[in-house]
Amino acid sequence: MGYRRFLVKTAVIYITVLFAAMTILYAFYYPIVQKLYWDYVNYSANQLRTQLIREAHGTVNVTYLNLQVERYRDSLVSAFGLNKPIMIKYAVQMWDLLTFHFGVTPPGVTYPSYGTSNNIATIIAIALPRTIILFTTGTVIVVVVGILLGVLAARYQGSAYDKAIPIIAVIHSSLPTWWIGFLLIAGLAYGMHWFPPNGMVTPGLIFSKEPLRYVASMLDHMTLPLLAFFIVNVGGFAYIVRSLALATTKEDFVLTAKARGLPERKIVYGHVLKTASPSIVTQVMIALAGSLGGGMTTEIVFVWPGMGLLTYEAVMESDVATVMATTYVLTLVLVIALWLNEVIKGFLDPRIRASAE
């Protein structure tokens, strides 16, 4: 019951954080938000007018047409709270945001890589899984290799290998992703012709119904962005794991295990790594959440049609509605990742479970 109470408590805290963040953004961008709503109302009214004219087959009753359009327009104004007091307006519009009602892109603004729909929620529903596929895969690879390298460095503390990890971490972390990306494209794509330089799949397969060809092409296109992501991030993560593991080796229970003559391998993997796992999980979740929000340069360089590239294209098109929608979705992903981090830490760390009971 105590751990269940802990889960509920952390969920309430993070929901409150998300709600507070959205409220602050709403207050700062209130005039822009209202303009977006009015633009959507006018756009929808014009769409209805066009549809009614098309259905009339040349015989148009102008008075009836204007009446229908005006009624529809008034219903939208009321539904969005645009004619209501500010607190009701805030509640209605915040609910729209929390339930992913983002409206449509401005007239003339299209994103061909994300389908033909101009509904922003639909576009994001296509873009977000692509970003998750790329960066979740990259983060898993970085985590597995980073934990292996970090634990080995802690096991052989003071060795040349151990001393090399901080140097590698500094070098890797200082490399700009876009620069590494350009080098990989120049060398392995245009120079060696081993991998495609950009895109998610071969042109013509982006919405293909042939799953095997689609997956094979996507894996081929993922190789270079994954390699760039790995090069930039693996050194830093290995250094973090090394530091956490070394800090744990100074604990009394580890010294006791060594005094009892337990094998070094059992001490490292059975005691040190297990004890450091909650802190390592925290770093993993932060890395995962950060990669989803910070992958814009990677997606731009490799023209990977995910959330980062969508945000960049929306900025170039001055599509404020899409920029705000992607910001909200990435904020939501970050909050969920941080909450999952608390859940996993509570499960792994007996101290947290004890304090919750």
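The values are calculated or read from the model by the stated rules, or taken from the named source; none is laboratory data. Values in this document were obtained by computation on a predicted structure and should not be read as measured data. Because the Cβ atoms are built from the backbone with ideal geometry, glycine has one as well, and the counts that use them run over all protein chains shown. Only protein heavy atoms, including side chains, enter the accessible area calculation; ligands, DNA and RNA are left aside. Shrake-Rupley method; radii C 1.70, N 1.55, O 1.52, S 1.80 Å.
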Euclidean distance between Cα centres, the range 176-245 to the range 132-163, Å: 19 Å
In Å², nearest 10: area of Arg49 left accessible to a 1.4 Å probe: 80 Å²
Farthest toward positive dipole pole in the range 1-112 [+1 Lys/Arg, -1 Asp/Glu at C-beta], among Trp38, Phe100, Gln68: Phe100
Gain in span if fully extended, Ser318 to Asn42, counting 0.36 nm per residue against the direct Cα distance: 97.5 nm
Spherically averaged projected area in nm², based on the convex hull that wraps the Cα atoms of the range 63-109: 4.4 nm²
Extension gain, Lys35 back to Tyr64 (0.36 nm per residue minus Cα-Cα distance, nm): 7.6 nm
Full-extension gain in nm, Lys9 to Arg71, via 0.36 nm per residue minus C-alpha separation: 17.8 nm
Per-selection Kirkwood Rh - the range 107-233 (Cα, Å, 1 d.p.): 17.1 Å
Residues with amide H under 5 Å from that of Val104, placed H, sequence gap 5 or more: Ile120
Calculated P(r) tail over 17 Å for the range 1-134, as whole % of Cα pairs: 71 percent
